[in-house]
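Right, one structure below, let's go through it.
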Amino acid sequence: MRIIIAGAGQVGTHLAKLLSNEAQDIVVVDGDAERLTWLDANLNLMTLAGEPTSFATLREAGAAECDLFIAVTPYESQNIVASSFAKSLGAK
C-alpha cells in the first residue's frame, strides 16, 4: 500500500513510525527538511522536502498513485487544501 503523510510533526512522525514497521510504501512530505532528516535516517520510508499544498510537490510524492493520503500538518486549512489537491491528482 502506498501511503503519503503530509506533515512531519508529532502526529506525522508517530504515524510514520507505526506504519514503517508494517512494511508499507510510505512517503513523508514536509516543508522542514531538518525534521525529515531523522525520519529518513531511522525509519524505512522516503521523505520529500516541500510544501504539502503544492501540486508539484504532491506530484513528485506520487499522490496520483497513492492508496492513502494523510494530512497532519499543524494547520487545519493546510490539511484541507493538501487533501483536496491530492484527491484531484488521483489519490484514493
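For this structure, a couple of remarks:
- Residue check, Ala33 closer than 14 Å to Ala86 by Cα, surrounded by fewer than 17 Cβ atoms within 10 Å (Cβ to Cβ) and not β-branched (Val, Ile, Thr): no
- Residue selected from region 7-24 under the condition within 14 Å of Tyr75 (Cβ to Cβ), touching a residue at least 40 places away in the same chain (Cβ under 8 Å) and out of contact with any Ser or Thr (no Cβ under 6 Å at 6 or more places or on another chain), by the criterion most open to solvent (accessible area, probe 1.4 Å): Val11
- Residue count for region 46-92, restricted to those that are touching a Gly at 6+ places or on another chain (Cβ under 6 Å) and open to solvent by less than 30 Å² (accessible area, probe 1.4 Å): 2
The values are calculated or read from the model by the stated rules, or taken from the named source; none is laboratory data. Since we're looking at a predicted model, the values are computed, not measured. Cβ coordinates were reconstructed from backbone atoms using ideal geometry, including for glycine residues, and neighbour counts include every protein chain displayed. Protein only, heavy atoms only, side chains kept; ligands, DNA and RNA dropped before computing areas. Shrake-Rupley method; radii C 1.70, N 1.55, O 1.52, S 1.80 Å.
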